[in-house]
Amino acid sequence: MVARLVADGPRYHRAESSEHNILVIGVPNVGKSSLINSLRRLHLKKGKATAVGGEPGITKAVLSRIQVCEKPLMYLVDTPGVLPPRLGDVEMGMKLALCGAIRDHLVGEDVMADYLLYTLNKQQQFRYVQHYGLGQPCDHIEPLLKHVALSQGRTQKVKVLTGTGNVNMMMLNYSAAAYEFLRDFRAGRLGRVTLD
């Protein structure tokens with residue numbers, strides 16, 4: 001479809017050059033690089049030309065043109081994700097963070113997990129109950145994270161200072177459990193959920 005639109009579009013006094021250059025722009029972590037690689041595989045039957053990853057920030061600069069089609073001759077330019085300098089409100093920021101457009105550590109996995117649980121419950125998307133083997137939906141994030149940490153062995157060794165010396169204890173790692181909850185959501189294991 002893109003190739004047809006480009007081939008049929010006016011060239012605006014550039015008849016001497018038959019190639020097309022298209023800049024691919026979007027918010028972080030939406031699949032710009034994956035789109036370029038897919039178009040390259042589809043039209044040229046060649047492997048990937050740009051790195052992809054599950055977190056924002058893989059593409060760091062506008063580096064080079066990547067050929068994705070021969071007829072018409074078309075090049076795409078991959079770009080880093082762009083966001084407005086200020087987000088409209090906290091809720092929009094949380095939604096972008098849940099989608100992976102903002103790095104998790106900037107918001108906090110525990111805060112994001114709490115907002116995700118709120119969103120799932122509000123939309124009556126209770127697949128997480130079945131996925132984690134809970135008896136019923138829960139309104140508070142702590143019991144859910146405790147269950148996830150226990151069931152998936154997310155623990156951490158903590159040194160406790162006592163009057164008789166140091167004692168190593170194993171404690172539940174709530175941050176790792178929150179990360180698992182977010183990862184399951186992003187992988188679609190908690191069902192198809194629309195945040196808007």
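Out of the residues in the stretch 49-85 that are charged (D, E, K, R) and at pLDDT below 75, which is surrounded by the most Cβ atoms within 10 Å (Cβ to Cβ)?
The residue in question is GLU55.
Scanning the stretch 150-171 for residues that are touching a residue at least 12 places away in the same chain (Cβ under 8 Å) and β-branched (Val, Ile, Thr) gives THR155, VAL158. For beta carbons closer than 6 Å, sequence separation of 6+ or different chains, a first residue in the stretch 34-54 that is farther than 19 Å from PRO72 by Cα and assigned to a helix (DSSP H, G or I) and a second that is of a type outside the set (Lys, Arg) and open to solvent by 60 Å² or more (accessible area, probe 1.4 Å), the qualifying pairs are SER34/VAL52. I'd like to know if the stretch 93-110 contains one or more residues that are more than 14 Å from GLU180 (Cα to Cα) and either in contact with a His (Cβ under 9 Å, 6 or more places away or on another chain) or modelled with pLDDT of 95 or more (or both). No, the stretch 93-110 contains no residue that is more than 14 Å from GLU180 (Cα to Cα) and either in contact with a His (Cβ under 9 Å, 6 or more places away or on another chain) or modelled with pLDDT of 95 or more (or both). The C-beta contact set for the stretch 69-93 (first residue within 19 Å of ILE25 (Cβ to Cβ) and without any contact (Cβ under 8 Å) to a residue 40 or more places away in the chain, second residue aliphatic (A, V, I, L, M) and surrounded by 15 or more Cβ atoms within 10 Å (Cβ to Cβ), distance under 8 angstrom, 6+ apart or interchain) comprises LEU87/LEU96. Among residues of the stretch 74-90 being in contact with a strand residue (DSSP E or B) (Cβ under 9 Å, 6 or more places away or on another chain) and not in a loop (DSSP other than H, G, I, E, B), the one that is nearest to VAL107 (Cα to Cα) is ASP78.
The values are calculated or read from the model by the stated rules, or taken from the named source; none is laboratory data. Because the structure is predicted, anything quoted here is derived from the model rather than measured. All Cβ positions, glycine included, derive from the backbone under ideal geometry; neighbour counts span all protein chains shown. Keep in mind that these areas ignore ligands, DNA and RNA; they rest on the heavy atoms of the full protein, side chains included. Shrake-Rupley method; radii C 1.70, N 1.55, O 1.52, S 1.80 Å.
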